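*Asks:* Got a structure for you, written out below as structure tokens; questions coming shortly.
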Amino acid sequence: MAQKTEAFNQFKEIAVEVGEIALFAKRFFREVFNPPFEFKELLRQSYIIGNKSIFLVATTGFIMGLVLTLQTRPTMAQFGAEAWMPSMVGISIVREIGPVITALICAGKIGSSIGAELGSMKVTEQIAAMEVSGTNPFKYLVVTRVVAATLMVPMLVIVADGVALLGSYLVEHIKGNVSLQLYFSQVFRNITFGDLTPATLKTFFFGFAIGIVGCYKGYTSKKGTAGVGRAANSSVVVSSLFLFVIDFIAVLVADIFYEL
């Protein structure tokens, strides 16, 4: 009985938090279209999120391409299907592995930094000071970061996909003496518009989820400086769970679209 009660309380807490995040997102959509627009802060946040994450994302993508090719090539060789390696790796990276892995990296890098930054501003009462001075802290702090994350994560995914394909090419060049032109011609010959569209669209939702969860956790953090650490940690956990849910929905919708 006690276990059932504890499970019910945990489910209740999760449901309440999801509802609060939904209300936070509703406020974001209400504020994002109303002037004034903080374009300067938006550009600054885009630089911070995009430029300062590109090295980590590119490194992860390169290793991802190397590992995927090295692990898959022996199995493909057993069936005499080495010629299909560029197509298989390209489709795998573009459709699923690249967007999801890159989004998880961004959740750890971007989500935690947003949660910690806004959390520290909350506990030191900087947000309250902005409200007193007549500035809209939600528009300046939250809207700019969410929009920047929504725009930058898809670009980071494109970078990761390109570098991952380059890493895969290096393995194929060393193992199978495949030229650069031949490798990428085979990759793009088999990647269709139906592969690119769902994979690209869901990255915008990934970026939005990372931004909105990070801002929510930081903007509503409590209990002093200890709350800053909890805000950063929970931003990563919750946004990662949201990413898997969004990815499942995107794959389901894409599958239904393909059947039609």
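The values are calculated or read from the model by the stated rules, or taken from the named source; none is laboratory data. Here the structure is a predicted model, which is why all the values come from computation and not from measurement. Using ideal geometry, Cβ is built from the backbone for each residue, glycine included, and neighbour counts are taken over all protein chains shown. For accessibility, only protein heavy atoms count, side chains too; no ligands or nucleic acids. Shrake-Rupley method; radii C 1.70, N 1.55, O 1.52, S 1.80 Å.
*Asks:* Please name whichever of W84, L180, Y140 sits farthest to the positive end of the charge dipole of the chain, dipole taken about the Cα centre and charges placed at Cβ: Lys and Arg +1, Asp and Glu -1.
*Replies:* Farthest along the dipole direction, towards plus: Y140.
*Asks:* Here is a follow-up. Which links in K52/K109; K52/K202; K139/K217 stretch past 20 Å when you go from one Cα to the other?
*Replies:* On the way: K52/K109 10 Å; K52/K202 22 Å; K139/K217 16 Å.
Flagged as over cut-off: K52/K202.
*Asks:* May I ask you to derive the relative contact order of the range 110-260, considering only C-alpha pairs under 8 Å and at least 6 residues apart, and to give it as an integer percent? Mind showing how you got there, number by number?
*Replies:* Values: 151 pairs, mean separation 68.4, N = 151.
Averaging sequence separation for qualifying contacts and normalising by length gives 45 percent for the range 110-260.
*Asks:* If you don't mind, there's one more thing I want to ask. With a 1.4 Å probe and every protein chain left in place, work out the accessible area per residue of the chain in Å², rounded to a whole number. List each step's numbers first, then the result.
*Replies:* Numbers: 14260 Å² over 260 residues.
Averaged over the residues of the chain, the accessible area is 55 Å².
*Asks:* Using a Gaussian network for the chain with springs between C-alpha atoms less than 10 Å apart, which of these wobbles most: M155, M88, M130?
*Replies:* M130
*Asks:* If you don't mind, there's one more thing I want to ask. When the solvent-accessible surface of protein heavy atoms is calculated with a 1.4 angstrom probe, in what order do I49, I91 fall, highest first? It would help to have the intermediate numbers written out before the result.
*Replies:* Details: I49 10, I91 55 Å².
Heavy-atom accessible area, descending, gives I91, I49.
*Asks:* Straight-line reach from K222: which lysines have a Cα under 16 Å away, not including same-chain ones fewer than 8 places off?
*Replies:* Leaving aside lysines fewer than 8 places away in the same chain, those within reach of K222 are K122.
*Asks:* Hydropathy first: keep DSSP H helices in the chain averaging at least 0.5 on Kyte-Doolittle, then drop any whose Cα extent along the axis falls short of 24 Å, and list what survives.
*Replies:* On the way: long enough: 2-32 (45 Å, -0.05); 54-78 (37 Å, 1.13); 144-176 (47 Å, 1.32); 193-219 (39 Å, 0.79); 226-259 (50 Å, 1.49).
Both cut-offs are met by 54-78, 144-176, 193-219, 226-259.
*Asks:* While we're on this one: Which residue, A232, A25, A81, tops the fluctuation ranking in a GNM of the chain built on C-alpha contacts under 10 Å?
*Replies:* Evaluated over the chain, the most mobile residue of the options is A81.
*Asks:* Here's another thing I want to ask about it. Please give the FRET efficiency for S133 paired with I14, using the beta carbon to beta carbon distance and R0 = 45 Å, rounded to the nearest 0.05. Don't skip to the answer; put the middle values down first.
*Replies:* On the way: r = 36 Å, r/R0 = 0.81.
Working from the Cβ atoms, E equals 0.80.
*Asks:* Tell me the relative contact order for the range 170-257 as a rounded percent, counting alpha carbon contacts under 8 Å between residues six or more apart. Before the final figure, lay out the partial values.
*Replies:* On the way: 37 pairs, mean separation 24.9, N = 88.
Taking the mean separation of contacting Cα pairs over the length of the range 170-257, I get 28 percent.
*Asks:* Note down the nm distance, to one decimal, between modelled labels 7 Å out along Cα→Cβ at E125 and at F55.
*Replies:* Result for the modelled spin labels: 3.8 nm.
*Asks:* Along each principal axis of its Cα atoms, how long is the chain end to end? Whole angstroms, biggest number first, please.
*Replies:* Cα spread of the chain along its principal axes, largest to smallest: 68, 55, 39 Å.
*Asks:* A follow-up question, please. Relative contact order for the chain: what percent, with Cα pairs under 8 Å and sequence separation of 6 or more? Mind showing how you got there, number by number?
*Replies:* Numbers: 319 pairs, mean separation 81.8, N = 260.
Normalised by residue count, the contact order of the chain is 31 percent.
*Asks:* Gap in Å between the Cα centre of the range 197-223 and the Cα centre of the range 21-38?
*Replies:* The two parts, judged by their Cα centres, are 14 Å apart.
*Asks:* Please list, by residue number, every one of the chymotrypsin sites (Phe, Trp or Tyr not before Pro) in the range 1-110 that is coil in DSSP and has at most 14 other beta-carbon atoms within 10 Å. Each step should come with its number before you reach the end.
*Replies:* On the way: sites: F8, F11, F24, F28, F29, F33, F37, F39, Y47, F55, F62, F79, W84; in loops: F33, F37, F79.
Passing both the DSSP loop test and the Cβ count: F33, F37, F79.
*Asks:* Have a look at G207, G19, G162 and tell me which one the Gaussian network model of the chain (Cα, springs below 10 Å) gives the largest fluctuation.
*Replies:* The residue that fluctuates most here is G19.
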